[in-house]
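Asks: Right, I'll just put the structure down here and ask away after.
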Amino acid sequence: MNDQPFDPVELLGQRVQAAIAAAAPEAGPEADALISPSKRAELGDFQSNAAMPLAKRLGMKPRDLAATIVKKLDVADLCEPVTEADIAGPGFINLRLKPEALSGLLDRLDTPDLGLPAPAEPKTIVVDVCGVNLAKQMHVGHLRATVIGDTLARTFERLGETVIRQNHVGDWGLPIAMVTRKIQIELNAGRLSLESLTLDDLDRLYRAAQFECTGQGKALEIAAKYDLGPKVDAELCAQHEEAMEHLEEAKQTLVALQSHQPDVYTIWQRIYEVTMGACLEACEILHTRITEADNAGESSYAEELVQVVDDLTARGIAEEHEGALLIRLDSAEDGKIAQPCLIRKRDGGYLYATTDLAAIRRRVQTLGADRVIYTVDARQGLHFRQVFAASRKAEYATKPGANGPSVLEHAAFGTVLGNDGKPFKTRSGENIRLCDLLDEAVERAETTVAAKNPDLAADERATIAKAVGIAAIKYADLSSERIKDHVFHFDRMLAFEGNTGPYLLYALVRTRSVFRKAEETGTPLDHADAPILISEPTEKALALELLRYPSAVQSVATLLEPMRLCSYLYSLAGAYSSFYDACPVLRAASDDLRRSRLRLCALTARVLEDGLEVLGLPTVERM
Ligand code: ARG
């Protein structure tokens with residue numbers, strides 16, 4: 001009984017499908033019941049459109065097939081009796097729900113778990129979130145990896161699974177060694193102090209170090225090709241040599257870092273502290289559950305890389321090619337990937353992919369992941385296809401004792417664009433700092449909130465503005481299709497109308513306000529077990545929306561698409577608003593009706609609250 005769906009569309013879908021299977025076994029199990037809301041309310045609540053395409057496929061008359069389906073249909077507990085008279089046009093089957101069926105379903109939903117009970121055997125789900133890089137400001141791209149990742153993690157938590165967030169911080173390798181060395185030089189020259197080091201300093205020095213270590217190989221090629229003359233050649237050569245010296249020193253710093261040599265390691269630790277301090281602050285402001293405990297940066301795998309590479313070589317998974325080590329990805333089930341996965345360069349250096357292989361091994365074999373989800377930019381698609389295929393080939397993706405590999409998924413997201421449709425940057429082409437963006441959202445929200453409600457005290461206004469601003473930013477991100485690029489537009493995301501975060505926060509405040517009014521007017525709140533009476537069309541529409549909640553949450557988990565829950569909550573809020581406009585609650589025509597409607601209001605408030613919590617939007621009591 002408990003794993004039965006709540007949504008009548010799904011329930012009727014199952015029943016009609018069973019009837020189809022009985023009426024036309026040759027249709028096969030995949031025959032879809034094609035249930036949709038009725039186009040004409042006077043004919044019913046739902047209709048099945050299955051008979052037409054099926055009849056065509058089987059060479060039958062659609063109305064005859066519809067009649068046989070109706071005969072086999074077992075929906076007496078849900079619908080008014082269905083007869084041949086309910087077949088319309090070429091073969092639509094009209095279905096009308098019994099009011100008591102709807103109340104019964106709502107009764108079943110109105111439990112503490114809102115139709116989403118914890119599973120008997122939770123799965124372990126690892127979610128790769130955030131993924132910031134040391135010595136770099138977080139920018140709007142990290143917003144998506146943080147917000148979408150945390151929401152997916154929350155969804156699985158809500159579903160009762162065991163969730164492990166992993167922040168795969170880019171904190172190791174040559175670029176980090178470059179900036180470490182740069183800072184060491186600045187420290188020695190007395191131009192910097194570790195104590196007062198800021199993320200802005202780091203950001204600046206990171207770029208300077210990158211610049212210094214960039215050779216002129218390309219420029220030299222061009223100079224040769226166009227014969228730019230000995231003077232240019234000499235100049236470029238000198239610059240190139242200098243860069244190569246810087247690079248050589250950075251490599252030595254990397255070696256020193258790898259052996260935790262105190263003078264460089266202390267600097268690295270400070271870089272880590274400053275970057276992660278800012279990152280975790282942003283995670284907190286963003287109302288995520290990402291904490292320091294989730295940090296598992298690239299550096300945490302440093303010791304394992306030799307072992308991984310030795311293992312892969314010894315078992316013949318990796319092979320040498322011109323001094324480099326690579327894994328060919330030719331297995332049939334992964335579909336051949338032309339580009340092999342490079343795991344060690346000719347100079348002995350390891351790569352981003354090597355670390356990700358070690359990470360999969362740890363996540364699956366040590367942390368016990370049944371499913372690993374990577375919320376990372378879509379542009380890393382090939383990287384993940386390679387790493388997933390390579391780890392399956394190496395059996396790193398298989399839990400000890402398991403029959404097959406765990407599920408590895410790249411929950412890829414698109415780019416955040418500015419109003420001009422180009423990647424979101426400042427006028428001068430720099431990345432916009434995430435912290436500035438969050439500040440601006442809250443500031444703008446404060447203006448909007450003040451305009452809407454001028455009587456708020458300053459501190460309450462500030463609290464509300466913080467929630468509204470953050471909800472606006474997060475919701476804008478979550479409510480657009482994950483894979484698509486999405487336009488960052490302050491005015492649109494901060495609007496109190498339309499499919500926005502502020503609108504949903506406001507909807508929750510509105511559903512709660514009935515109860516405040518009831519208290520003020522001394523109306524009894526005796527609705528907890530009240531029989532639910534569904535009569536008005538808007539009441540019925542609200543009931544049907546409420547029943548869709550469990551599937552909406554589950555679909556986020558299945559498709560890794562938070563948008564599903566956003567759209568759901570938006571239409572629930574709309575249904576509530578129509579209901580509230582059309583149906584008096586506290587002044588309902590009878591006591592029974594008042595209690596029933598209060599119960600619907602309470603259930604709506606709980607579903608909205610629960611849904612917003614799954615999405616990770618901060619909520620407010622007043623707005
Ligand atoms: N630091 C990486 C970047 O900024 C993202 C890390 C994603 N996670 C992973 N396991 N590779 O591109």
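Every number in this text was worked out from the coordinates using simple rules, so none of it is lab data. Remember, predicted model here, so these are calculated numbers, not experimental data. Note: ideal-geometry Cβ built from the backbone for every residue, glycine included; neighbour counts use all protein chains shown.
Asks: Roughly how big is the chain's charge dipole about its Cα centre, with Cβ charges of +1 (Lys, Arg) and -1 (Asp, Glu), in debye to the nearest 20?
Replies: 1420 debye
Asks: Hey, another quick one. P(r) for the range 83-134: what percent of alpha-carbon pairs falls in each 10 Å bin, starting at zero?
Replies: The distribution over the range 83-134 is 17, 19, 21, 20, 15, 7, 2, given as percents.
Asks: Filter the trypsin sites (Lys or Arg not before Pro) in the range 398-459 down to the DSSP loop ones having no more than 13 other Cβ atoms within 10 Å, then list what survives.
Replies: Values: sites: Lys425, Arg427, Arg433, Arg444, Lys452; in loops: Arg427.
In loop regions of the range 398-459 (DSSP not H, G, I, E or B), the sparsely surrounded trypsin sites (Lys or Arg not before Pro) are Arg427.
Asks: Can you give the % of DSSP beta bridges in the chain that are antiparallel, to the nearest 5?
Replies: About 50 percent, rounded to the nearest 5.
Asks: Provide the packing ranking of 219-228, 334-343, 546-555, i.e. peptides ordered by the mean count of other C-beta atoms within 10 Å per residue, highest first. Can you show the working numbers first?
Replies: On the way: 219-228: 13.0, 334-343: 16.7, 546-555: 21.4.
Ranked by mean Cβ neighbours within 10 Å, highest first: 546-555, 334-343, 219-228.
Asks: Now for a separate question. Could you tell me the relative contact order of the range 140-297? Use alpha-carbon pairs under 8 Å, at least six residues apart, and round to a whole percent.
Replies: 36 percent
Asks: Further, regarding this structure: At 20 °C and 1.002 mPa s, what whole-number value in µm²/s does Stokes-Einstein give for the translational diffusion of the range 188-330, with Rh from the Kirkwood sum over Cα pairs?
Replies: Once the numbers are plugged in, D ends up at 110 µm²/s.
Asks: I would also like to ask the following. Tell me the Kirkwood hydrodynamic radius of the range 474-613 in angstroms, computed as one over the mean inverse distance between distinct C-alpha pairs.
Replies: Kirkwood radius, the range 474-613: 15.9 Å.
Asks: Next question, about the same structure. Evaluate the relative contact order of the chain (contact order divided by residue number), counting alpha-carbon pairs under 8 angstrom at least 6 apart; express in whole percent.
Replies: About 13 percent, as a whole number.
Asks: Hey, another quick one. Would you calculate a helix-derived [θ] at 222 nm for the chain, using -39,500 (n - 2.57) for each DSSP H run of n ≥ 4 and dividing by the full residue count, to the nearest 500?
Replies: That comes out to -17000 deg cm²/dmol.
Asks: A further question follows. So what's the gap between the Cα centers of the range 236-297 and the range 212-232, to the nearest angstrom?
Replies: 31 Å
Asks: Calculate the tail of P(r) for the chain: the fraction of all Cα-Cα distances greater than 35 Å, expressed in %. Spell out each step's value before the answer.
Replies: Values: 104539 of 193753 pairs.
Beyond 35 Å sits 54 percent of the P(r) for the chain.
Asks: Based on the mean of other beta carbon atoms within 10 Å per residue, what is the order of 91-97, 276-282, 238-244, most packed first?
Replies: 91-97, 276-282, 238-244
Asks: So what's the Cα pair-distance distribution over the range 327-455, bin width 10 Å, in %?
Replies: 11, 28, 23, 19, 12, 6, 1
Asks: In the range 1-80, which GluC sites (Glu not before Pro) fall in coil by DSSP and have 12 or fewer other Cβ atoms within 10 Å?
Replies: Qualifying residues, ordered by number: Glu30, Glu42.
Asks: When only DSSP loop residues count, what trypsin sites (Lys or Arg not before Pro) in the range 26-70 have their Cβ near at most 16 other Cβ atoms within 10 Å?
Replies: On the way: sites: Lys39, Arg40, Lys56, Arg57, Arg63; in loops: Lys39, Arg40.
Loop-located and lightly packed - Lys39, Arg40.
Asks: Once you have the Kirkwood Rh of the range 123-247 from its Cα pairs, apply Stokes-Einstein at 10 °C and 1.306 mPa s and quote D in µm²/s.
Replies: Numbers: Rh = 17.9 Å.
It diffuses with D of about 89 µm²/s by this estimate.
Asks: Let me ask you something else. Quick one: what does P(r) look like for the range 308-388 with 10 Å bins over all Cα pairs, in whole %?
Replies: Computed distribution, short to long bins: 17, 48, 32, 3.
Asks: Mean separation of Cα pairs under 8 Å and 6+ residues apart, divided by the residue count of the range 215-358: what relative contact order is that in percent? Walk me through the numbers before you get to the answer.
Replies: Details: 107 pairs, mean separation 18.1, N = 144.
Value for the range 215-358: 13 percent.
Asks: Nearest 5 percent is fine: what portion of the DSSP beta bridges confined to the range 339-464 is antiparallel? Show your work: numbers first, answer last.
Replies: Details: 3 of 8 bridges.
If we restrict to bridges inside the range 339-464, about 40 percent are antiparallel.
Asks: Mark the label point 7 Å from the Cα of Glu609 along Cα→Cβ and return the residues of the range 504-530 whose backbone N is within less than 16 Å of it.
Replies: 505-519, 525-529
Asks: Let me ask another. Could you sort 467-473, 480-486 so that the peptide with the highest average Cβ count within 10 Å comes first and the rest follow in order?
Replies: 467-473, 480-486
Asks: Placing +1 on the Cβ of each Lys and Arg and -1 on the Cβ of each Asp and Glu in the chain, which of Leu228, Thr448, Leu109 has its Cα farthest towards the positive end of the resulting dipole?
Replies: Leu109
Asks: Can you tell me what the convex hull of the Cα atoms of the range 546-606 projects to on average, as an area in nm²?
Replies: Working: hull surface 16.7 nm².
Projected area, direction-averaged: 4.2 nm².
Asks: Let me ask something else about it. Relative to the compact globular guide of 2.2 N^0.38 Å, what is the alpha carbon radius of gyration of the range 1-137, as a ratio? Could you put the intermediate results ahead of the total?
Replies: Numbers: Rg = 20.3 Å, N = 137, 2.2 N^0.38 = 14.3 Å.
That ratio works out to 1.42.
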